[in-house]
Amino acid sequence: MLQVKNVTMRFGGLLAISDASLDVRQGSITGLIGPNGAGKTTLFAVIAGFLRPTQGQIALFDKDITGEEPHRRAASGIARTFQIVQPFAGLNVQENITVGAYLRHTKPADAVEKAREVARQVGLEKDLDKSASSLTVAGRKRLELARALATEPKILLLDEVLAGLNPSEIRDIIPVIRSIRDSGVTILMIEHVMQAVMNLCEHVYVLAQGKMIAEGTPAAVCNDQAVIEAYLGKGSAERLARQSQGENHA
Amino acid sequence: MMRGYFWIIVITLLIAATPLLTSSNTFFNFTVVVLIIALAAQGWNLLGGIGGQTSFGHAMFFGIGAYTASMLQTHLGVNAWIALIAAIAAGSLAGLIVGFLSFRAGLRGSYFALVTLAFAELLRVLANASEWTGGASGLLLKLEPSLANMQFSSRPTFMLLALAFVFISLVITQHIVNSRFGAHLVAVRENEDAAKALGVDVLTVKLKAISLSGAMTAAAGVLYVQYFLYIDAAIAFGIWISIEALLAPMVGGRGRVLGPLIGAFTLHGLGEITKSFAGRVPGIDLMVFAVVLIIVIAFASAGILGLLKKLSDRFAAKGGA
Amino acid sequence: MFSPIIIIEAMINGLLTGAIYALVALGLTLVYGVLHIINFAHGATLAAAMFAVWGLNAGFGIDPYVAIVIVTPVFFALGYGLQRFVIGPAAHGDDGNILLITLGLSILIENALLASFGSDTRSIPSDFAFSVVEAGPFLLSSAKLVGAVGSLVVAILFWLLMTRTDTGKAIRAVAREKLGARLVGINVGHVYAVTFGLGCAALGVAACLLMPTFYVNPRIGGAFVNIAFTVVVLGGMGSVPGAVAGGLIIGVVESVSGLLLGESLGQIGIFIIFILVLLLRPTGLFGARV
Ligand SMILES: Nc1ncnc2c1ncn2[C@@H]1O[C@H](COP(=O)(O)OP(=O)(O)O)[C@@H](O)[C@H]1O
Ligand SMILES: [Mg+2]
């Protein structure tokens, strides 16, 4: 349903993304992984319309949306979360989520109703009256998720929503993400927590230094030579292979 | 949906009842000025308080309102009420133009404040030089009290007229705060990127806000000429009204519906008290305003209404426990 | 139309006034470059400095040029104290608050001057104000010439201070990376206050150079603040060379448009430049940082 076609993004002299393509199948949870500085967040910004790509196109349901403003894309069903959370700090949790809900509900009462429903879905129902700035890291991540979800998106872009959470918080939020997909929302997620990627994603893309270097099932991608080298440095795949061969011999 | 309207009605009724208690012209003069400022300040509050786009140049809307109304009446003999509508439309249009130019250029924060100030100053210089505006000697409206001319020889009557304007502005603002547009405006104030990601059309929201804001402040300018029957460039486009329009919501509570009215009463009340102590020292009331502004920012950035809310929350928490 | 001689003379006069505008704008741009705030009280502070120069002359017969050694350190201390004890603590680190606080300070200073000195316009009577230097076909005011040269000297001193001294290095470090500067042991609050003090000190010098040819009243700050903002926006917020270039340009524009459009409409040129630069090129013509 979402296609990134040969996108290149330059910041002055810096080539952040170079000729990257990806394809998200409707109803899937697709992963986007890669080392820090690979250009993943930049690619999300391009998909959501916050940045105009230097080259390439973005298509949603086969319609070219490369020139559309971010709010138009949100209306057509793309919602994003921010890696660095961007709460409306002066508002409480319910008001934060309601802003998202207003995208599809004009009446205040309906929007508030929707916001409460989403809050229940992500486990924020007890914090509705709390100020957004008083939330814990985990709470803020949930809020980021809830606001995006309240726009009733067709595709949800999650940028490292698990980063900064402890293992038990991660365990709590994984079923939430799966239930969002099960409710019919397609998900594209950037994630460093490999356990979650293995657990959730059907298909994974790997971005390194702005280039899409591999794609496939999580298991296949993890054994890909190019991917291992991208993460651990040049020649490391060979070293690892030799090591495991040695172990096999023993 | 009654949320917020209760206090608007109570306060309006209280002010409307004052002619039953006093017949002091000093009091009515004071109240008329405060109400005119509260109306101008409500315009500022919509854009600056709720929408977070601080303007230093709301004089431009005040002046456009004042001059449109007086030029239409003196040069073309247009009826005062029709001139009022034209003036409000002119303020709204000016807001759209200035907003389109500066928001399209991405101006925010201090830059937006400075460009609004520059527009106001530009208009002041032009109004001071142009023949249409009466140049440096200004424009006089002919004294002809009648309902059709929107002039009243009785001060309490004019006060009620000004109060009606303020009441309408309060209801409009409250309605906005309760609505989707209000939520979008607050979202733009708090975080533009997050708002965009949630489908808020940031530019359109800002433009709507600045055109409504310009309309309200222009209406205040009209009230001013209808009351004093005189306008010149230094009054209409002078920095004094830009500052008054900003100070009242800051002190009363920026972004709160009743903030401008409460702030205007408090500031001018303090000003009168100071004047009665300090006698005829020029500028003493403005010095008090400035000190109050700095104190509010340092110790109570949510203004008087913010303080009251904090107190009542604390009280409620104690009562509940 | 005007003869070329008159227009060129207006341009030269504009350059001379523009040099002083540059000096006035220097403090504003410095404070913006480091603190990232717009000091709205800049014009009112200049008015206060001009009253100080006038007072020293009227009360003690001190020559304005001699007053430099008194007014400059006093205004440095004043600026230091204002930032350290009023603006810094009251703003809670919010840029919008700083803008509003400096607005409050400007109202306070302006009206304190009004309360103390009344609204009369005052100037320092001296023969020097009328002495002229002949340069070819042009007659140039000696006092303006001294003011312009003095301003440029001070601008160069500022530039040396910023680029060659430890204080300047600390200021630039804070301007670039507040947190980093704090980590390497720079006292950020102190550096902020020093910067603000330097900005006010520049105003002190400017006041001494202005007073022999100019007049002062409590509202004079408003006129200067408009000019100084335009200069700073034109030259690029935070750029010292930009402030000098911007000052000279604005001086010429004001002088020539005053000649062509008359005194009252002459100011329009400045506002139009200001608005156009902000709308079209908000980084300024020379968009560099300190
Ligand atoms: N607005 C920008 N201007 C200049 N460079 C940027 C900008 N945004 C990102 N970059 C650069 O692009 C590269 C990719 O960054 P990012 O997309 O955040 O990586 P990731 O999310 O994969 O860690 C980095 O080198 C970053 O510094
Ligand atoms: Mg990232």
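Coordinate-derived values only; no laboratory data. Owing to the predicted nature of the structure, the values given are computational and were not obtained by experimental measurement. Backbone-built Cβ (ideal geometry, glycine too); neighbour counts: all protein chains shown.
A compact table of results
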{"read-out": "Order of A:LYS107, A:LYS211, B:LYS206, A:LYS130 - criterion: other Cβ atoms within 10 Å of each residue's Cβ, fewest first", "value": "A:LYS107, A:LYS130, A:LYS211, B:LYS206"}
{"read-out": "For C:91-97, mean number of other protein chain Cβ atoms within 10 Å", "value": "3"}
{"read-out": "Kirkwood hydrodynamic radius (C-alpha pairs) into Stokes-Einstein, the range A:124-175, 4 °C and 1.567 mPa s, D in µm²/s", "value": "109 µm²/s"}
{"read-out": "Helix-only CD estimate at 222 nm, as mean residue ellipticity for chain C, using -39500 (n - 2.57) per DSSP H run (n ≥ 4)", "value": "-24500 deg cm²/dmol"}
{"read-out": "Alpha-carbon gyration tensor eigenvalues x 5, square-rooted, for the range B:2-251, Å", "value": "30, 23, 14"}
{"read-out": "Kirkwood Rh and Cα Rg combined as Rg over Rh, evaluated for chain C", "value": "0.97"}
{"read-out": "Cα-based convex hull, the range B:98-171, per residue volume (Å³, whole number)", "value": "176 Å³"}
{"read-out": "Over the range B:225-267, equivalent-ellipsoid semi-axes from the Cα gyration tensor in Å", "value": "24, 11, 7"}
{"read-out": "Largest-first principal axis extents, alpha carbons of the range A:85-152, Å", "value": "30, 22, 18"}
{"read-out": "Residue mean of other protein chain beta carbons inside 10 Å, C:271-282", "value": "5"}
{"read-out": "The range B:256-307: mean projected area of Cα convex hull, nm²", "value": "3.5 nm²"}
{"read-out": "Nonlocal Lys pairs with alpha-carbon distance under 22 Å, chain A (8 or more apart, or different chains)", "value": "18"}
{"read-out": "Per-residue average of Cβ from other chains inside 10 Å of B:184-196", "value": "6"}
{"read-out": "Per residue Cα convex hull volume in Å³ - calculated over the range C:50-186", "value": "181 Å³"}
{"read-out": "For the protein assembly as shown, Kirkwood radius (reciprocal of mean inverse C-alpha pair distance, Å)", "value": "30.2 Å"}
{"read-out": "Computed E for B:SER130/B:LEU93 - FRET, C-beta separation, R0 25 angstrom, nearest 0.05", "value": "0.85"}
{"read-out": "For the protein assembly as shown, share of DSSP beta bridges that run antiparallel, in % to the nearest 5", "value": "65 percent"}
{"read-out": "Ranked B:HIS184, C:HIS190, A:HIS203, criterion: other C-beta atoms within 10 Å, fewest first", "value": "C:HIS190, A:HIS203, B:HIS184"}
{"read-out": "Bins of 5 Å from zero: percent of alpha-carbon pairs in chain A", "value": "1, 6, 13, 17, 18, 16, 12, 8, 5, 2, 1, 1, 0, 0"}
{"read-out": "Counting all C-alpha pairs of the range B:163-321, share separated by more than 19 Å (%)", "value": "66 percent"}
